[in-house]
């Protein structure tokens, strides 16, 4: 009997001696380990070549309506896909530029802001714009690049996850330099121009 009372007394003391209030841990996102930046040149004897990250790969676009030289740059660890479409210019550069702008600004509904970064490299004949779509838009980055006379390439980045600017922000910050690097390393295939 004494043992039983002793246990009840000890348990009661433990219960009332703890003044600490417990609350659930705040929500957090998984820490993402990013690979080291390193690039290789992608060249399939098409209209242009460019450098892509070693942690990505190119896959031919086989979707319905895909045209020649359309590819997807896959970021498997980040579940990202940069859709790359190519068009040959035949007095329709203005239309392609306006289409690119319209497609980027279709995300205005979900975007907090859209910024434009202009690229001009007269030596390499690279002229383009990178659209950064901030907020919970489906595509955080879109761009176009052209030599202004023959070639036009457009890219749009999508992820296979529900858009959440807070959880994906580190991934956006990591991939943005890769897209800029791709644009800045474009080399137009001059031999393709001769066969036009």
Next on the checklist: I need the P(r) histogram for segment 60-196: all alpha carbon pairs, bin width 5 Å from 0 out to the longest distance, whole percents.
Outcome noted: 2, 9, 19, 23, 21, 14, 7, 3, 1, 0
Checklist entry - Which of 152, 50 comes first, and how do the rest follow, when ranked by fewest Cβ neighbours within 10 Å? => result 50, 152
Checklist outcome for this item: In Å, the Kirkwood estimate of hydrodynamic radius for segment 112-174 over Cα pairs equals 12.9
Checklist entry - Once the Cβ-Cβ distance between residue 148 and residue 33 is put in as r, and R0 is 45 Å, what FRET efficiency do you end up with, to the nearest 0.05? => result 0.65
Checklist entry - How high is the relative contact order of the chain, in percent, counting Cα pairs under 8 Å that sit 6 or more residues apart? => result 20
Next on the checklist: Order these by the 10 Å Cβ neighbour count, fewest first: 148, 156.
Outcome noted: 148, 156
Next on the checklist: Could you give the length gained by full extension between residue 110 and residue 167, i.e. 0.36 nm per residue of separation minus their alpha carbon distance, to one decimal place?
Outcome noted: 18.9 nm
Checklist entry - Taking the Cβ-Cβ separation of residue 160 and residue 54 as r and a Förster radius of 22 Å, what is the calculated FRET efficiency to the nearest 0.05? => result 0.55
Checklist entry - Tilt of helix 165-184 relative to the longest C-alpha principal axis of the chain, in degrees (0 to 90, nearest 10)? => result 20
Checklist entry - Helix 93-105 versus the longest principal axis of the chain: what angle, 0 to 90°, nearest 10, using Cα atoms? => result 10
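Taken together, the values in this text are just the output of simple stated rules run on the coordinates, not laboratory data. These figures come from a predicted structure and were not determined experimentally. Cβ sites come from the backbone with ideal geometry, for glycine too, and all protein chains shown count toward neighbours.
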